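Read the structure below first, then the notes.
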Amino acid sequence: MSESNEIHRRGFALRAFAVVAGLFGVPGLAAIVDPMLKSADAAWSDAGPAADLKEGKAKKFTYEIAAGWEKRKEVGFLLKQGEKIVAFSARCTHLGCKVRFEGSEFRCPCHKGVFDLEGKPRSGPVSEPLRRYEVRLEKGQVKVKV
């Protein structure tokens, strides 16, 4: 067999492998990666009775979000401000640590970030405010769009 035929056979085999890999590999890879890349549609989560909220005191609530193929529990804060109820994520906007409500501010224990009652950065390395969620009341229950 000549060297020329050997090169043609090798080229054909490589092309055939590429076609088969493309037909089966790309859709298979997409089926694995796609759920991780999709952002789930926002859903309304029950955050508890509005009557439990006190002016100037943040109350924790939990909710679930899609994380690939699984659901992950997250924490947020509800805060009554006059007649209005606001909801914040408990994730620091600096590096994602969980913030705590202490006194009259939200504090991040990781890098000493501090947010005021509006969720705005007060000190530390944070530059973005805490993420806010849309809130509505239904029959005395607080619903948060997460």
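When the chain is fully extended, how far beyond the present Cα-Cα distance does S104 get from H8, taking 0.36 nm per residue of separation? Show your work: numbers first, answer last.
Details: separation 96, 0.36 × 96 = 34.56 nm, distance 7.56 nm.
Residue separation times 0.36 nm, minus the Cα-Cα distance, leaves 27.0 nm.
Measure of size requested: the Rg and Dmax of the stretch 44-145, with Cα atoms as the atom set and Å as the unit; please supply both.
13.5, 40
On a full-extension model of 0.36 nm per residue, what is the gain between K84 and K54, subtracting their alpha-carbon distance, rounded to one decimal in nm? Intermediate values should be presented prior to the final figure.
On the way: separation 30, 0.36 × 30 = 10.80 nm, distance 1.15 nm.
Separation in residues times 0.36 nm, less the Cα-Cα distance, equals 9.7 nm.
Between S123 and D46, what is the label-to-label distance in nm when each label sits 7 Å out along the Cα-to-Cβ direction?
In this crude label model, S123 to D46 measures out at 4.1 nm.
Quick check: pseudo-label points 7 Å beyond the Cα along Cα→Cβ at K112 and R136, how many nm apart are they?
Reported label-point gap for K112 and R136 is 4.3 nm.
Please rank V99, V144, V114, V75, fewest neighbouring Cβ atoms within 10 Å first, as an exposure proxy. Mind dumping the intermediate values first?
On the way: V99 27, V144 24, V114 16, V75 13.
Lowest count first: V75, V114, V144, V99.
FYI, it's all coordinate maths here, none of it is from the lab. The shown structure was predicted, so the numbers you read here are calculated from the model rather than taken from an experiment. Neighbour counts are summed over all protein chains in view; Cβ atoms, including those assigned to glycine, are modelled from backbone coordinates with ideal geometry.
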